[in-house]
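Inspection log for the structure reproduced underneath, given as structure tokens.
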Amino acid sequence: MSKPRVALLAGVVVGVGLFGVFVKGADVRSGAAMLKGTVKSANGEAMAGVTVSARPDGRTFTKSVFTDERGEFYFPPLEPPFEAGSYQVWAQAVGFAASRGAETIQAGSSARHDFVLNTLPEQDVFLQLSGSEMLDAMPGQTREDARMKEIFRVNCTECHQIGLVLQNRFDEQGWLAIIEVMERASYHGWTGPRTPPRNTITYYKQELAQYLAKVRGPQSPPLKAKLHPRPTGDAARVVITEYDIPTAVGKRELAVMNGSEWSEGILSGLHGQGGIHDVQVDNDGNAWLTDSVINSERTLVKVDSKTGNVRGFKVTAPNGSVQTSHGIGRDANGVMWFDTGGELGRVDPATETFEFYRPPFGSPTTTSGQVDAAPDGRIWMSARRGALMFDPNTKKFRFFQDKTIGDGQTYGAAADVNGNGWWTQFNMDNVVHADVASGQTYEIPMRPPDRAEVVMTPADREFYYNIGGDRFSGTFARPGSQAPRRLSTDKNGQAAWVANWWGSNLARIDLKTRKVTYYKLPAPITTANPYNTVVDKNHMVWTNLMSDDAVAKLDPKTEQWTVYKLPSIGAELRHITVDDIRGDVWVPYREADRAARLQFRTSAQLAALKTASGGAGVAGQR
């Protein structure tokens, strides 16, 4: 066991006074302090599914709810003793300008704010769109446009959201200059002229520049987007709290943009922000997050869900350099396990004590991937050319090698209920399964039977064959690929669930038979990008949609989907976790240094809240 140095940075108190969440039928006390109101359009029509947000003055967290079918919204009651206070409030809907105001909530009484939303000019709506809406609006009616649209989709959306690319306009030379930078770019930026270029971008750059200049050139007409319906039903009863995390904990600086103003467009992750990657929740309901970009102030962040207090933990190498972290998992006892500097880290949230374990010399080290704990306590993590398993009892690692090495990349990794391992070969359309007892590994190809034929020319097919694309031997950005990104397992069941990034589907793999069943994302988000999966204690499957700033839930029994829209855009979700103790779902915002907690109200709970508040009723509009 090696022992890098760990420094606990001073906590940064970023606020208290959160709204409550759960409403237990008639237990809601009459006259409880809360915020309520209505949202209407300029012509007086009630607007359902509108996002309404409230932020306490001087604090760094925001709570959001959605309007019901009557255009009414109800925030949960304020929790004593933090009832009184001033709040900034605003309402937003795609196609409309945000309406903003302020309210003061007195202890023991409720505040009321009614919004009126005015429509935006067509050319200003585009910045508010989700990735799916943007992609669907891009021209693809002709064979050539359909071909270049697909080339764009698989070459320009792996590392960031679609909106980041399309929100600006450039002529052909401008687009070509950007694409030539992207030839030598990694997840963390431009890597310099000596870096070998990405062969697919090099091959298509001239055609891509021409197509993008036609789609988003200086004189291009606005793209005609079909707006997605606003949330209804269960999706409109969710309560979402967004916690701001200082970009550098010691300096207490927040992100320049946090995505809460939709008309500003997608944030870039520059200005020293961006890097928050994975999240897990401890037994007390606090969030632990990794920072995958070098940050002189931290490696891990802990967010107190009750107070908003943020604490940073800095792991340093023997030479003093600050280590990054990418994946974090939680075992059955609530202990956190994370990767950092080629080691496996362990932190007990109760005592905030750390331990580190390094794989034996010569074995593949952990990579920027995923860490997961089996119910028996064994830890699985990504590694080059396969996956590693760590036994906390013996303190020993065991390596399981890919059947087909390819480019050697492993990204997603998970442990199942039997203690066996699963991992993804993102660039090869494969999922790999390791059986611990036999030591055998098995490949499960991601090949949906109804995979659509992608428009490609004979020259395209020859190009992909020559670089190994048709043999799935380590290339990426191939039209028609599934790109299994990250995965999880049902810890109370017999299935692994895979997020097929470019395939826009979830794959269920039976643990015993390794049979694969595919579940397409629902309309209208059929082209969205699922990044990761997580399964809750009720066997519901959750996935984060990175380009759509949304969380989707699949009920495997009914095959019904529920899509929860986040209150911010440009979040770039790369992980998702469930808190089975409290029933919450958490997602990190990579490009805004924030964490969001989703909490769920039933129709009965919301009805009780309405009754206790006396209903929204009729009042003057502001």
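Couple of notes before you dig in:
- From the list Pro479, Pro484, the one residue that fits, being at pLDDT 90 or above, within 24 Å of the chain's Cα centre (by Cα) and either under 23 Å from His160 (Cβ atoms) or buried (at least 19 other Cβ atoms within 10 Å of the Cβ) (or both), is Pro484.
- Filter result for Gly308 (outside any strand (DSSP E or B), buried (at least 21 other Cβ atoms within 10 Å of the Cβ) and either at pLDDT below 95 or of a type in the set (Lys, Arg) (or both)): yes
- Restricting the first member to the range 105-125 and to residues that are closer than 24 Å to Ser613 by Cα, and the second to residues that are of a type outside the set (Gly, Ala, Ser) and part of a loop (DSSP other than H, G, I, E, B), the beta-carbon pairs closer than 6 Å and six or more apart or on different chains are Ala107/Glu83; Ser110/Met34; Asp114/Gln621; Asp114/Arg622; Val116/Gln621.
- Test: Leu270 is among the hydrophobic types (A, V, I, L, M, F, W, C), at pLDDT below 90 and assigned to a loop (DSSP other than H, G, I, E, B): yes
- Any hit, the range 67-81, residues being at pLDDT 85 or above, assigned to a strand (DSSP E or B) and of a type in the set (Phe, Trp, Tyr): yes
- Test: residue in the range 328-345 that is among the basic types (Lys, Arg), under 21 Å from Leu487 (Cβ atoms), assigned to a strand (DSSP E or B) and modelled with pLDDT of 95 or more: yes
- Test: residue in the range 180-191 that is of a type outside the set (Asp, Glu), farther than 30 Å from Lys36 by Cα, surrounded by 15 or more Cβ atoms within 10 Å (Cβ to Cβ) and touching a Gly at 6+ places or on another chain (Cβ under 8 Å): yes
- Any chance Ala10 is at pLDDT below 65 and surrounded by fewer than 17 Cβ atoms within 10 Å (Cβ to Cβ): yes
Residues are listed down the side, and each one gets a yes or a no for (1) among the aromatic types (Phe, Trp, Tyr); (2) without any contact (Cβ under 8 Å) to a residue 60 or more places away in the chain; (3) part of a loop (DSSP other than H, G, I, E, B):
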residue: Ile201; (1), (2), (3): no, no, no
residue: Glu207; (1), (2), (3): no, yes, no
residue: Pro221; (1), (2), (3): no, yes, yes
residue: Ala255; (1), (2), (3): no, no, yes
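- Of all residues in the range 126-168 being touching a residue at least 60 places away in the same chain (Cβ under 8 Å) and β-branched (Val, Ile, Thr), the one that is farthest from Leu573 (Cα to Cα): Ile151
- Of the strands (runs of 3 or more DSSP E) that lie entirely inside the range 516-602, those containing 3 or more residues that are among the β-branched types (Val, Ile, Thr), closer than 18 Å to Arg485 by Cα and out of contact with any helix residue (DSSP H, G or I) (no Cβ under 7 Å at 6 or more places or on another chain) span 530-535.
The values are calculated or read from the model by the stated rules, or taken from the named source; none is laboratory data. Worth saying up front: this structure is predicted, and the values here are computed from it rather than measured. When we count neighbours, we look across all protein chains shown, and the Cβ atoms used for this are built from the backbone with ideal geometry, even at glycine.
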